Amino acid sequence: MIETLEYAVDNRELILSAIKPEEHESIIKRAKDTWVEFEPEASEERRLVGIDSSWNSIPYQGFYIYAVDAVAVLGNGKYLVKPSFEVGLGTLAVRSGEDYFSSPELALESKGMEYEFEQAKSCLGSADCVLVDGSILARYYDRKQHKEGSFYDRAKELMAQEGLLYVSKKSYSNAALHGTLGDMFYYNRMSFDPGFSSPHIDRTGVSVSYVRLARDSPCIRIEVPGRVGSSDIQRIMSLLKGSSVDGYPYVLRLAHESGKISHDEMLSLANLLGLEAELGGRQVLGE
Amino acid sequence: MASNRGLLGVVVGETKPHRFRFLASRAVSMGEYVTVESPEGRLLGLAEDTATRSVLLDKISNFESAIEAKRVATKNVRDKSYLASVKVVGTLDGLRGGQVTLPSLPPEPGSEVFEAGSDEISGVFDRMERRWAQVGGLLRNPEVRVSVDIDKVASRHLAILSVTGGGKSNLLALMTKKVAELGGTMVVFDYHGEYSGLSIPRAVHADAKINPRYVNSDQLADLMEVRENAEVQRTVLLKAFTDDVKTAKEFWKSLLASIATVGENEKDSRKAATRLQDIVKVAMRRMKTVIDPDVGEVLDQLKASKVNILNMLEFTERQANAAISYYLAEILEDRKRAMHGAEEQRVRFTAPIICAIEEAHAFIPSEGDADTKYIASKVAREGRKFGMALVVVSQRPRRVDQDVLSQMGSFAIMKLTNPEDQAHIREASEAISEDLLQNLPSLNVGEAVLLGEWVNIPAVVKIDHVAEKKTGADISATSLWAAEGKMSQVAVESTKSSMVLE
Ligand SMILES: Nc1ncnc2c1ncn2[C@@H]1O[C@H](COP(=O)(O)OP(=O)(O)OP(=O)(O)O)[C@@H](O)[C@H]1O
Ligand SMILES: [Mg+2]
């Protein structure tokens, strides 16, 4: 570790040059050109539901035990539908072409998404707007590369749904501004006022906009199935405004808190299954 | 024996036989009593510390976000959490029978917690036997009366501590009332003269007076305000204060003459003797209400089976110190005689006596040697054997001698804000927990935590107000000024009208 720190001290400029300060100005300008200042008025109270999934696993010799949980939470803290979850034991392999390789992360994330889909579908119609944490596009392309399972049919199906939004706090996509860094980076720096970037339509037919709901709050990335225009984004902003804190929808914060599976909870789960005697991954690594 | 009262909360976290925490359905007040199921039957507990939290607002760091967070969080039933920390005071069945039985097993996490109903616990706090006297109601269940064991006060002492204006003197007045009702004997050293208006049956009011004939020369020097370090003057007094002087018909005259003689005989002392004569003359003139050679012995000024209020308003602190120590020493000697079976006529107090010292930080200070401190420590240590007890009252507990404080068997602790005061009390008594100490600043006037031997279990109480005690309330300067202004207005008017007449 110490050698990397030493290197970073000596080569600070070099490392930071990846940000390409020379292109910075021009991209910020491009970002400004697509930005629409808009101060949303909180609309009448709407029924929003936030969906998030979480997963965790403990490695054993030859298998993992894992848990996946997806929840749909209303602004009053209650579940709108029964949570979808799975607890199991396996190798967590993922197929890539003809090959299988073990990737608990990818495997569990996929499961998490399947359950999120399940939750989202059961919520549609019972809420004014269903907010799912994350980016469907990121997942879609990620899975496409790995040609993973049944995922995309599901994704496709949801992408076409109305009353559904994907919201992410972090995004690394540069599809809109084509900068060295993600679009989020530039939109967060070009202004501090509420507003949004005019929607960029992905080739899968999903519209993407970066949105700042309140002054000085960070941008969030919104994905809406289908081709939408500025007035739709404005409507969505008004919908979210009244129930957001620091520019982020409260129902998603709640969904995250409710679904979260901690390492301690995994340990209790293992304990419950009588697996505590097995060597855990940490012991294997000698930690 | 299930309760039909509403569920208040559920036990969470690690539990101990004497302590647990629970999450409640509403905010819980410090001082509330709760019951919880345990393997050994229902337990009674006292909420010593409580906290309310919002998960969302916990993470907020600026005003704008706080406004937004407040709006969304109020709709979320899970956002708020009410946590209370409870001290187990005993099994409910045991307490109802007057027995403190602490459980050996902790309540299990997940156990249900209920509000303690007034009917369930009144028998715990309000005892019928003669030695128990009611002093107030539970702060959070006012209909539950709380009584204290006066026998324990009379044998193991009591400390009443709070910030100034917290309600100490009111509680002391209440104690005098209760002792009077029981036909007991009490002496209150009333340094501020604030009990002079206390009109209760069996109270006798007297101005404290010291007969100089019965004190030693150092005490006399203190009474006359001879400076501590005026050694030559004090030596002259020692030599001049002979037995002849003490028994002389005209005490002061004889003392002055004796001092003059010492001055004449010893060259080096001449100046000091002259100075001392001046001091004596001042004392004769200005302190005749305090130092009186014609008053009877100390014990003659006090009455058995009465509450003796000794007014010391005229005393300086040094005089009061000398006087209190003198009274205490005489009373202790009397009680020793009584316990050793001396003949009736030589004993004033045949039954136990309680002595109350206000401003204890001045007379029983942790630093320095005061006359009273020496004798009070003795009483604190040995009084139990002789049926003599102290009630120590102070608004600066940290300045009260730790040895004396740690001998106090019982405590009434009222509002206290200074952490040093709290730490000092903590050292003196293990009866009070850290959680309770933390919450003392939130008590209001007249609210007290009663701990120690005079109560079966810790009680958080609103003390009864003693209407018979008239002085001691805060003075309203503004209204008195207004009244005075009106009076002088009237005076001016009447001069004017009389001028017109002339
Ligand atoms: N239990 C009570 N109920 C109602 N009023 C009370 C109670 N206790 C005290 N008070 C009022 O509060 C005021 C102050 O009370 P008190 O003189 O007893 O305080 P204290 O602690 O002795 O103050 P200090 O430190 O100045 O001696 C008085 O006006 C008194 O009447
Ligand atoms: Mg007082």
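Of all residues in the range B:310-357, those satisfying the criterion of being among the hydroxyl-bearing types (Ser, Thr, Tyr) and either out of contact with any Asp or Glu (no Cβ under 7 Å at 6 or more places or on another chain) or over 30 Å from B:Lys288 (Cβ atoms) (or both) are B:Tyr326, B:Tyr327, B:Thr350. Of everything listed in (1) surrounded by fewer than 22 Cβ atoms within 10 Å (Cβ to Cβ); (2) within 14 Å of chain B (Cβ to nearest Cβ), the single unmet condition for A:Ser191 is (2). Among the residues of the range B:169-200, just one is acidic (Asp, Glu) and more than 13 Å from ligand 1 (Cβ to nearest atom), namely B:Glu181. Any residue at all in the range B:98-105 that is more than 24 Å from B:Glu434 (Cβ to Cβ) and either acidic (Asp, Glu) or more than 33 Å from the chain's Cα centre (by Cα) (or both)? The answer is no; no qualifying residue exists. Would you be able to tell me the number of residues in the range A:172-188 that are out of contact with any Ser or Thr (no Cβ under 6 Å at 6 or more places or on another chain) and open to solvent by 10 Å² or more (accessible area, probe 1.4 Å)? Of the residues in that region, 10 qualify. Go through the residues of the range B:321-330 one by one and say whether even a single one is outside any helix (DSSP H, G or I) and modelled with pLDDT under 95. So far as the range B:321-330 goes, no, none of its residues is outside any helix (DSSP H, G or I) and modelled with pLDDT under 95. Just one of the numbered conditions (1) in contact (Cβ under 8 Å) with a residue 12 or more places away in the chain; (2) out of contact with any Gly (no Cβ under 9 Å at 6 or more places or on another chain); (3) closer than 26 Å to B:Met312 by Cα is not true of B:Glu228: (1). Count of the range B:45-73 residues, restricted to those that are open to solvent by 30 Å² or more (accessible area, probe 1.4 Å) and more than 10 Å from every other protein chain (Cβ to nearest Cβ), is 7.
Answer yes or no as to whether B:Ser111 is away from chain A (no Cβ under 14 Å), within 16 Å of ligand 2 (Cβ to nearest atom) and open to solvent by less than 30 Å² (accessible area, probe 1.4 Å). For B:Ser111, the condition - away from chain A (no Cβ under 14 Å), within 16 Å of ligand 2 (Cβ to nearest atom) and open to solvent by less than 30 Å² (accessible area, probe 1.4 Å) - is not met. Scanning the range B:81-104 for any residue that is in the same structural domain as B:Ala47 (by TED's automatic domain parsing), surrounded by fewer than 15 Cβ atoms within 10 Å (Cβ to Cβ) and closer than 30 Å to A:Asp246 by Cβ turns up at least one such residue.
Residues are listed down the side, and each one gets a yes or a no for (1) surrounded by fewer than 19 Cβ atoms within 10 Å (Cβ to Cβ); (2) more than 16 Å from ligand 2 (Cβ to nearest atom); (3) at pLDDT below 85; (4) of a type outside the set (A, V, I, L, M):
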residue: B:Ala448; (1), (2), (3), (4): no, no, no, no
residue: B:Trp454; (1), (2), (3), (4): no, yes, no, yes
residue: B:Ala459; (1), (2), (3), (4): no, yes, no, no
residue: B:Lys462; (1), (2), (3), (4): no, yes, no, yes
residue: B:Lys469; (1), (2), (3), (4): no, no, yes, yes
residue: B:Val492; (1), (2), (3), (4): yes, yes, yes, no
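Within the range B:12-44, the residues that satisfy the criterion of being surrounded by fewer than 15 Cβ atoms within 10 Å (Cβ to Cβ) and under 22 Å from B:Val449 (Cα atoms) are B:Ala27, B:Ser29. Taking the range B:230-247 as the range and being within 37 Å of the chain's Cα centre (by Cα) and surrounded by fewer than 16 Cβ atoms within 10 Å (Cβ to Cβ) as the test, the residues that pass are B:Glu231, B:Leu238.
Could you check, for the range A:206-213, whether at least one of its residues is crowded, with 19+ Cβ neighbours inside 10 Å, away from every other protein chain (no Cβ under 14 Å), of a type in the set (Phe, Trp, Tyr) and over 30 Å from A:Ala67 (Cβ atoms)? So far as the range A:206-213 goes, yes, one or more of its residues are crowded, with 19+ Cβ neighbours inside 10 Å, away from every other protein chain (no Cβ under 14 Å), of a type in the set (Phe, Trp, Tyr) and over 30 Å from A:Ala67 (Cβ atoms).
Out of all the residues in the range B:390-405, is one or more touching a Cys at 6+ places or on another chain (Cβ under 9 Å) and of a type outside the set (Ser, Thr, Tyr)? Among the residues of the range B:390-405, at least one is touching a Cys at 6+ places or on another chain (Cβ under 9 Å) and of a type outside the set (Ser, Thr, Tyr), which makes the answer yes.
Apart from one condition, A:Tyr141 fits all of (1) modelled with pLDDT under 90; (2) open to solvent by less than 10 Å² (accessible area, probe 1.4 Å); the exception is (2). Inspect the range B:173-188 for any residue being over 12 Å from the mean Cα position of the chain (by Cα) and within 12 Å of ligand 2 (Cβ to nearest atom) and give the result as yes or no. Within the range B:173-188 (the criterion being over 12 Å from the mean Cα position of the chain (by Cα) and within 12 Å of ligand 2 (Cβ to nearest atom)), the answer is no, since none of the residues qualifies.
Taking the criterion of being more than 22 Å from B:Gly90 (Cβ to Cβ), open to solvent by 20 Å² or more (accessible area, probe 1.4 Å), within 16 Å of ligand 1 (Cβ to nearest atom) and not β-branched (Val, Ile, Thr), would at least one residue in the range B:150-168 satisfy it? So far as the range B:150-168 goes, yes, one or more of its residues are more than 22 Å from B:Gly90 (Cβ to Cβ), open to solvent by 20 Å² or more (accessible area, probe 1.4 Å), within 16 Å of ligand 1 (Cβ to nearest atom) and not β-branched (Val, Ile, Thr). Within the range B:128-149, the set of residues being touching a Gly at 6+ places or on another chain (Cβ under 7 Å) and open to solvent by less than 40 Å² (accessible area, probe 1.4 Å) comprises B:Leu139, B:Val144, B:Val146.
The residues on offer are B:Ser38, B:Ser81, B:Ser29, and the sole one that is touching a residue at least 40 places away in the same chain (Cβ under 8 Å) and within 14 Å of chain A (Cβ to nearest Cβ) is B:Ser81.
For the range A:225-276, the helices (runs of 4 or more DSSP H) that sit wholly inside it and include 1 or more residues that are away from chain B (no Cβ under 14 Å) are A:230-241, A:263-272.
The values are calculated or read from the model by the stated rules, or taken from the named source; none is laboratory data. Quantities reported herein were computed from a predicted structural model and do not represent experimental measurements. All Cβ positions, glycine included, derive from the backbone under ideal geometry; neighbour counts span all protein chains shown. Keep in mind that these areas ignore ligands, DNA and RNA; they rest on the heavy atoms of the full protein, side chains included. Shrake-Rupley method; radii C 1.70, N 1.55, O 1.52, S 1.80 Å.
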